[in-house]
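One structure is given below, encoded as structure tokens.
The values are calculated or read from the model by the stated rules, or taken from the named source; none is laboratory data. Note that the structure is a prediction, hence the values are computed from the model and not measured. Methodologically, a virtual Cβ is constructed for each residue, glycine included, from the backbone with ideal geometry; neighbour enumeration extends over all protein chains shown.
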Ligand SMILES: CC(=O)SCCNC(=O)CCNC(=O)[C@H](O)C(C)(C)COP(=O)(O)OP(=O)(O)OC[C@H]1O[C@@H](n2cnc3c(N)ncnc32)[C@H](O)[C@@H]1OP(=O)(O)O
């Protein structure tokens, strides 16, 4: 029989189920398939040797107590070296031994869990919110805490299954390094299904770690080498050194997608950063497209009120009146935008430089009326002739907006660009600008739609508290026409000069 007949799609075969105690035995809250299985079953994401294979991974909704159950109609009888994949062996590398008990034993343990009623997520509660009349809590705890580690160990199987190039954290590292990590758990607070069941039901989680922030000690005295004993007598606490906070893994379970939980979780982590004087900046380790979109929308929501308060806009007349027709060679950046104020805002909100530039550029674009932008069919040929001498001040603003973005893009990729012929360099920069601009237009459209929806809900005299909480849900209806940030030659990565080399999404403790 051909090999294909005995091979099946691993993403279809694996089914994840969230369970909770029921009247007599556990019931299913949700079942979903993984997005990826290549870390477990290889690049082809196929499993050989079974017909009708189902690998069911069960998780208790509150503490993620796990269970592996494998069933199939037929198994391939080994011929020489060709044998069916040893599923028990393969899965044991990823899931703890305790998950390999019999199904009745597992169901009994979930159904009769005496501790479930008193379960509270580990760490401390840092945020609560309501969406669509349902209540949620976000809890955060250090990886040093054993109960945080225990829960994370059970949750980590979701990393290879849902985060591309994600690897589970090593939780057995020394305490001083575990101290750098904080884990955030999102839970729904439900009416317990039975008198002994938990009121907590998992929604998602994120891990963050502190990364040393090198201070540019400009103008300050240089540190000197001391002759004191080493290690230092007073203990250095890594959780208190000036740091960047980096989001490593971020996951909302599929049955809770597009309800605003990711936004709530990100915004909570951001708020914690802003309130912590030892954290200088919030960064993200190798974000994917969906996370980029989430972060852009959330950061835009955070920064827009501040930008509006400061009435930020591009100065359409950056040159002094006596400049005449001759244009100075240098970009008049400081005359176009208030660079000092922007630096203050960025430091206050602790947004990484490139991310801040994205949000600022999108905002400045939004201040130019649509008909003066490419997206509103502005007369580009005319603009490219008239440049900063265009009669209409919004045309001049748009000209300068394009120049500001090009300036940033050029600075970031100077090394690549200077190797190209001038014409090619200009063309690549123009193409990249067009892609970046397209991304901003989409962000603005999504943001506008969302604000409109929220406005409508308020008009319909929905309870105002509910309307604001429902923001996340309202998000769900926005346009689905998405593109990844596209760069022609220019890679636009995080601004983390001395971050660890993370080619893959590899979390290092
Ligand atoms: C640092 C990292 O770990 S990167 C990896 C991120 N994690 C993953 O990809 C794991 C699997 N996916 C997930 O966990 C979730 O889909 C997340 C975290 C990406 C998004 O969580 P959600 O709770 O669904 O996001 P939320 O409802 O707050 O959406 C907010 C905005 O994010 C963007 N967004 C969310 N999901 C997607 C998606 N799949 N594709 C594109 N944009 C998305 C949208 O702009 C959305 O607003 P909209 O709904 O108004 O269009």
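Do we have residue 311 as at pLDDT 95 or above and within 18 Å of residue 351 (Cα to Cα) here? It is false that residue 311 is at pLDDT 95 or above and within 18 Å of residue 351 (Cα to Cα).
Looking at segment 176-193, is at least one residue within 22 Å of residue 263 (Cα to Cα), buried (at least 18 other Cβ atoms within 10 Å of the Cβ) and modelled with pLDDT under 95? Scanning segment 176-193 turns up no residue that is within 22 Å of residue 263 (Cα to Cα), buried (at least 18 other Cβ atoms within 10 Å of the Cβ) and modelled with pLDDT under 95.
Would you pick out the residues in segment 286-315 that are on the phi > 0 side of the Ramachandran plot and within 11 Å of the ligand (Cβ to nearest atom)? Steps first, please.
Kept after step one, since they are on the phi > 0 side of the Ramachandran plot, are these residues of segment 286-315: 286, 311.
Within segment 286-315, just 286 meets the criteria.
Could you tell me whether segment 266-273 includes any residue that is within 9 Å of the chain's Cα centre (by Cα) and crowded, with 20+ Cβ neighbours inside 10 Å? There is at least one residue in segment 266-273 that is within 9 Å of the chain's Cα centre (by Cα) and crowded, with 20+ Cβ neighbours inside 10 Å.
Every condition in (1) under 30 Å from residue 272 (Cβ atoms); (2) buried (at least 19 other Cβ atoms within 10 Å of the Cβ); (3) free of Cβ contacts under 8 Å to residues at least 12 places away in the same chain holds for residue 352 except the one numbered (3). If you go through segment 103-135 and keep only what is surrounded by 15 or more Cβ atoms within 10 Å (Cβ to Cβ) and touching a helix residue (DSSP H, G or I) at 6+ places or on another chain (Cβ under 7 Å), you end up with 122, 123, 126, 127, 129, 131. The residues in segment 265-285 that are in contact with a helix residue (DSSP H, G or I) (Cβ under 7 Å, 6 or more places away or on another chain) and within 10 Å of the ligand (Cβ to nearest atom) can be counted, and the count is 3. Against the definition (assigned by the TED database to the domain that holds residue 49 and either more than 25 Å from the chain's Cα centre (by Cα) or without any contact (Cβ under 8 Å) to a residue 40 or more places away in the chain (or both)), how does residue 131 come out, yes or no? Considered against the rule, which asks whether it is assigned by the TED database to the domain that holds residue 49 and either more than 25 Å from the chain's Cα centre (by Cα) or without any contact (Cβ under 8 Å) to a residue 40 or more places away in the chain (or both), residue 131 comes out as no.
For the structure I just gave you, tell me whether residue 84 is part of a loop (DSSP other than H, G, I, E, B) and either touching a helix residue (DSSP H, G or I) at 6+ places or on another chain (Cβ under 9 Å) or more than 22 Å from residue 154 (Cα to Cα) (or both). Outline the logic, then answer.
On the way: part of a loop (DSSP other than H, G, I, E, B): yes; either touching a helix residue (DSSP H, G or I) at 6+ places or on another chain (Cβ under 9 Å) or more than 22 Å from residue 154 (Cα to Cα) (or both): yes.
So residue 84 fits the description; yes.
Do we have residue 375 as without any contact (Cβ under 8 Å) to a residue 40 or more places away in the chain and either at negative phi or in contact with a helix residue (DSSP H, G or I) (Cβ under 8 Å, 6 or more places away or on another chain) (or both) here? No.
The sole residue among 151, 169 that is in a helix (DSSP H, G or I) and in contact (Cβ under 8 Å) with a residue 60 or more places away in the chain is 151.
For segment 274-289, check the following and say yes or no: at least one residue is surrounded by 14 or more Cβ atoms within 10 Å (Cβ to Cβ) and in a helix (DSSP H, G or I). Yes, the conditions are met somewhere in segment 274-289. Suppose the filter is at pLDDT 95 or above and either more than 10 Å from the ligand (Cβ to nearest atom) or assigned by the TED database to the domain that holds residue 130 (or both); does residue 262 pass it? So residue 262 fits the description; yes. Whether a residue is out of contact with any helix residue (DSSP H, G or I) (no Cβ under 6 Å at 6 or more places or on another chain), away from the ligand (no atom under 16 Å from the Cβ), in contact (Cβ under 8 Å) with a residue 24 or more places away in the chain and in a helix (DSSP H, G or I) was assessed, and residue 341 passes this test.
Within segment 240-259, being away from the ligand (no atom under 11 Å from the Cβ), part of a loop (DSSP other than H, G, I, E, B) and touching a strand residue (DSSP E or B) at 6+ places or on another chain (Cβ under 8 Å) holds for 241, 242. May I ask you to list the residues in segment 369-401 that are surrounded by fewer than 16 Cβ atoms within 10 Å (Cβ to Cβ) and assigned to a loop (DSSP other than H, G, I, E, B)? Once the filter is applied, which keeps residues that are surrounded by fewer than 16 Cβ atoms within 10 Å (Cβ to Cβ) and assigned to a loop (DSSP other than H, G, I, E, B), segment 369-401 yields 369, 377, 379, 391, 392.
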